Structure formats: C-alpha cells, structure tokens
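Here the structure is laid out as structure tokens; the discussion comes afterwards.
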Amino acid sequence: MKNPPGPRQFATTHWSLVGAARPGEASQTRAREALEELCRAYWYPLYAFVRSRGYSAVDAQDLTQAFFARIIETGGFAAADRERGRFRSYLLGAMKHFLANEWHRAQTQNRGGKVQFIEFDALDPETRYAGASEQSDNPEHLFDREWALQTIAGALQELRDEMAKAGKSEHFDALKGSLTGEEELPRDQIAARLDMSEGAVKVAVHRLRQRYRMLLRAAIAETVSNEADLDDEMRYLIAVLRKR
C-alpha cells in the first residue's frame, strides 16, 4: 500500500481550485476543469441544502446547476480568501447569497446557460434526498451531514481502489465493516475466509483503520488551510454524523 499524502496537504486543495477558477489566472479550459472537480465534490450537499429550503426537485436541480455555472461565467470565486475560513462554510455562504440574490433575476430557461456540470437524470438525486431528509429538517445540518458522508465515501473508495491494486479486494470486503460500523463477521470466520490467523486479522484491521484515517485526513486537508483547522474539521465531521 502506498504511503499517505504528505506535501500534497494544504498545497493542492479545494482553495487552489478556487484560485484556478478566477478570471485571468487560468485558461477557460482549466477554469472549467476546476469547477467540474468542485462540482463533483459538492453538488449533492448543495442540492440537499437547496431542496430542504423548500424548493421543488426541478428548481433545486436548476439552482444547483446555475450556481456552478454562474461562478465560472462571472468569476464568482474571485473574492474568495482561503484565510477567511473552512471551504465548507465558504461554499454554503456562497450558495445562500446566490439564492437570495439570483433567483429573482434569472428565468428558468436561462439558469446555467449552456454549461452542464451535473447530469441529474443519471444521479437520481431525489431518491437519495428522500432518505437524507428523514435524518434532519434543518437545511444547514443537512448540508453538513451530506458533506460528511460524501467525504468519508470518497476516502473509503480511495482505500478500496488501493486494496484492489494490491490484489486485496477480498481483504477489503471482509474487513470494511470495521471502518463503516456495519455488522462484522466474527473474527474467526474472517480468518477462515481469508486463510489467516485471528492475530493476523487483528493486525490487518488495525492497519486498515490507520490507512483509512490518513486518507480521510488528506481529504479534509483539501478544504482547510492549516493543521489546526484540519483537526477541528475532523472532530466536526464525527460530531455531525453522531447528531440526529
């Protein structure tokens, strides 16, 4: 398994993608790529936030699409300052501003123009939202919860990919319950399945948890600008997932 990210932390971050989306600092191609990367990371938490503010599914899709489109069309991130706070908080504030100021100035057919960042039909957001909305009726908490779930899902997928490349997909499938809180098989059954001793399974679980935590920290590091904020965001992510 490869070593965890080191110098990448606080260098190639979501804040640096914001910089790439500023007019005059990158080509339109790079700007679009930056916005598409941000969109992949944040479209659903933002969609869930808009939806829980009382907008219909169609309007929430239009507004989320238009939010990202307007940013790239107008350089809406130009005033973003990474020292002013966590990217999660900055993005939510930007969406609130967008909803307050842009909704009444845009016709439905013009929202997003010809720029399509999100293929909603393929993603089926309403099915996902139906389950998420049962967890909270507070739009901001719902955004934070979906951000947290998206973050841990990305770290788990990266870990799954690493294990697959190492030829250990079966190990990941057998041990992932120790990471996700899913019901685990008894250790003796896992040992028999993987042809390992129970002691070796215990060591494998410990190493898997360590690597998962490293990947999760690396993911959150992309959204903050210093180590102190990273530790705070880690604690906040856990608190959000525990909150009902």
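When the test is whether a residue is polar (S, T, N, Q), within 30 Å of residue 50 (Cα to Cα) and surrounded by fewer than 17 Cβ atoms within 10 Å (Cβ to Cβ), residue 157 passes it. When each of 94, 78, 66, 100 is tested for being modelled with pLDDT of 80 or more, farther than 19 Å from residue 142 by Cβ and out of contact with any Leu (no Cβ under 8 Å at 6 or more places or on another chain), the lone residue that passes is 66.
Considering (1) touching a Phe, Trp or Tyr at 6+ places or on another chain (Cβ under 6 Å); (2) of a type outside the set (Phe, Trp, Tyr); (3) crowded, with 17+ Cβ neighbours inside 10 Å, the lone condition that residue 145 does not fulfil carries the number (1).
Would you tally the residues in segment 172-213 being among the acidic types (Asp, Glu), loosely packed, with under 15 Cβ neighbours inside 10 Å and under 32 Å from the mean Cα position of the chain (by Cα)? Spell out the reasoning first.
Quick first cut of segment 172-213, residues among the acidic types (Asp, Glu) only: 173, 182-184, 188, 195, 198.
Now restrict to residues that are loosely packed, with under 15 Cβ neighbours inside 10 Å: 173, 182-183, 188, 195, 198.
Retained after the next criterion (residues that are under 32 Å from the mean Cα position of the chain (by Cα)): 173, 182-183.
Adding up the residues that qualify gives 3.
Only one entry in 240, 205, 224 is assigned to a helix (DSSP H, G or I) and within 22 Å of residue 146 (Cα to Cα), namely 240. Among the numbered criteria (1) surrounded by fewer than 16 Cβ atoms within 10 Å (Cβ to Cβ); (2) at pLDDT below 70; (3) in contact with a helix residue (DSSP H, G or I) (Cβ under 9 Å, 6 or more places away or on another chain), which single criterion is violated by residue 105? The single condition residue 105 does not satisfy is (3).
Residues in segment 125-142 that are surrounded by 10 or more Cβ atoms within 10 Å (Cβ to Cβ), modelled with pLDDT of 70 or more and either assigned to a loop (DSSP other than H, G, I, E, B) or of a type in the set (D, E, K, R) (or both): 126, 128, 138, 140. The single condition among (1) surrounded by fewer than 16 Cβ atoms within 10 Å (Cβ to Cβ); (2) modelled with pLDDT of 90 or more; (3) within 26 Å of residue 71 (Cα to Cα) that residue 167 does not satisfy is (3).
Confirm whether residue 204 is closer than 23 Å to residue 241 by Cβ, aliphatic (A, V, I, L, M) and either in contact (Cβ under 8 Å) with a residue 60 or more places away in the chain or in contact with a Leu (Cβ under 8 Å, 6 or more places away or on another chain) (or both). In short, no.
The values are calculated or read from the model by the stated rules, or taken from the named source; none is laboratory data. As the structure is a computational prediction, the values presented were derived from the model and not from experiment. Cβ sites come from the backbone with ideal geometry, for glycine too, and all protein chains shown count toward neighbours.
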